[in-house]
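Derivation of every value follows stated rules applied to the coordinates shown; laboratory data play no part. Remember, predicted model here, so these are calculated numbers, not experimental data. Backbone-built Cβ (ideal geometry, glycine too); neighbour counts: all protein chains shown.
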Amino acid sequence: MRMRSRRLLPIVLSLLILVLLCLSYFSGHLRDPPDDEFLLHLPAEAEQTLDKTTRPGEPSVPSGPLLNLTDFDYLLRSNVCRKADRELLAILIVTSYAGHDALRSAHRQAIPQSKLAEMGLQRVFLLAALPTREHFLTQEQLVSEQKRFGDLLQGNFVEDYRNLSYKHVMGLRWAAQECKDHAKFIIKLDDDIIYDVFHLRRHLEALEVGQPALATSSTLLSGFVLDAKPPIRLKANKWYVTRQEYPHALYPAYLSGWMYITNVPTASRLVAEAERVPIFWIDDTWLTGVVRTRLGIPLERHNDWFSANAEFLDCCVRDLKQHSYECEYSIGPNGGDDRLLVEFLHNVEKCYFDECVKRPAGKSLKETCVAAAKSRAPEHGLAEIKPVKLR
Ligand SMILES: *[C@@H]1O[C@H](CO)[C@@H](O)[C@H](O)[C@H]1NC(C)=O
Ligand SMILES: *[C@@H]1O[C@H](CO)[C@@H](O)[C@H](O)[C@H]1NC(C)=O
């Protein structure tokens, strides 16, 4: 009996090792399940994308210094503009924290790149390097995200809200250079924002026809105008600004970074001028306020498109589903709900096939949304991402 178990031991052990090896092999392959239909037909195209960006001799945007970051370079590049087979209406540049992979996945599910392409649009996410405190995502995972989707543009500076100005300039500069001959408009977005892409497309098409001089001018900046706000001088606030960082009592009028529209000539001017102005870390205030003012570019106001209230967009989804009511707003924060963008875009699209009705009198969002908002779970409050915008 003893002899037999001794002889069996090595066999059992090697079997066990074999089983473990198999398990780890398969779990490695299963860890990244296809969470949408994209995986089925994208990899070949995405691999090509990657090959192109890394092939030596291929003309590509020089990285060069970025503002005062002399060793700036890209960790990941995208060529979604260059490989577009026809002129694009717009390139969407979406500021995204590198660790927000689930949120980017929601964007792609809400509207995949293939559908954007049909609409004459393309999208890239603007990322920086993962900070050491990030424990949920690795650079390796970002590399495989890039292999699948090819829509990441990542700078080598470290992710931090105090580094957002670098990211913003990186995005505008890339779009102005890389999409120069490819895209008529640039739409800047944040990843935690709900936006009605069908509305934006319709607006841009109308702008091309109705105001062609503005559309192609070097003075196109339109979005949510915030007039002369004072800097926050309370030390405890995340958005506390010292007098050394910003000495004046008021900011110039600027556009909220949630969403704004510009074009290649305007973005080029902003980026060039940004090199000549001391960097200020509140990116939208700096670029579309301080830097813009020096160039004398006026702001085009579309404040009625925006809701600062995530509940309103949530109520819009409910009413679109139940009554096909048009939504009064096109853009607003997601309130910490990653899925809201998916729900919103999947339900609002029918309105562009004339399948929606105007909201009846007495049923405005302000009147009908309050109760629903109150019954929501407390952790579902407004994200603290940019409270400076909500005042
Ligand atoms: C911004 O990025 C630079 C360059 O990577 C890094 O040294 C710095 O720590 C970052 N700033 C903050 C506030 O994290
Ligand atoms: C760049 O400028 C900012 C703002 O003046 C400063 O805080 C930062 O240390 C500078 N970074 C480098 C790498 O010189």
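Could you work out how far apart the two model spin labels at H346 and D160 are, taking each label as a point 7 Å from the Cα in the direction of the beta carbon, and quote it in nm?
The two pseudo-label positions are separated by 3.9 nm.
Could you work out Rg/(2.2 N^0.38 Å) for region 126-273, with Rg from alpha carbons only?
Values: Rg = 17.6 Å, N = 148, 2.2 N^0.38 = 14.7 Å.
That works out to 1.20 for region 126-273.
Note down the nm distance, to one decimal, between modelled labels 7 Å out along Cα→Cβ at R86 and at K229.
For R86 paired with K229, the spin-label model returns 4.0 nm.
Past 22 Å, Cα to Cα: identify those pairs from K321/K358; K321/K363; K321/K350; K188/K235; K83/K188, in the order given.
Details: K321/K358 14 Å; K321/K363 15 Å; K321/K350 10 Å; K188/K235 30 Å; K83/K188 20 Å.
Pairs exceeding the cut-off: K188/K235.
Per-residue HN-Hα couplings for region 219-227, Karplus 6.51 cos²θ - 1.76 cosθ + 1.60 at θ = phi - 60°, whole Hz, x for Gly and Pro?
9, 9, 9, 9, x, 8, 7, 10, 8
Using a simple spin-label model with points 7 Å from Cα along the Cα→Cβ vector, what separation in nm is obtained for K363 and A102?
About 3.4 nm separates the two model spin labels.
Distance from a point 7 Å along Cα→Cβ of S217 to each backbone N in region 279-298: keep the residues under 19 Å and list them by number.
What the label zone holds, given the 19 Å backbone N cut-off, is 288-298.
In whole Hz, what ³J(HN,Hα) sequence does region 186-192 give by Karplus (6.51, -1.76, 1.60; θ = phi - 60°), x for Gly and Pro?
Calculated HN-Hα couplings, in order: 10, 10, 8, 9, 9, 6, 9 Hz.
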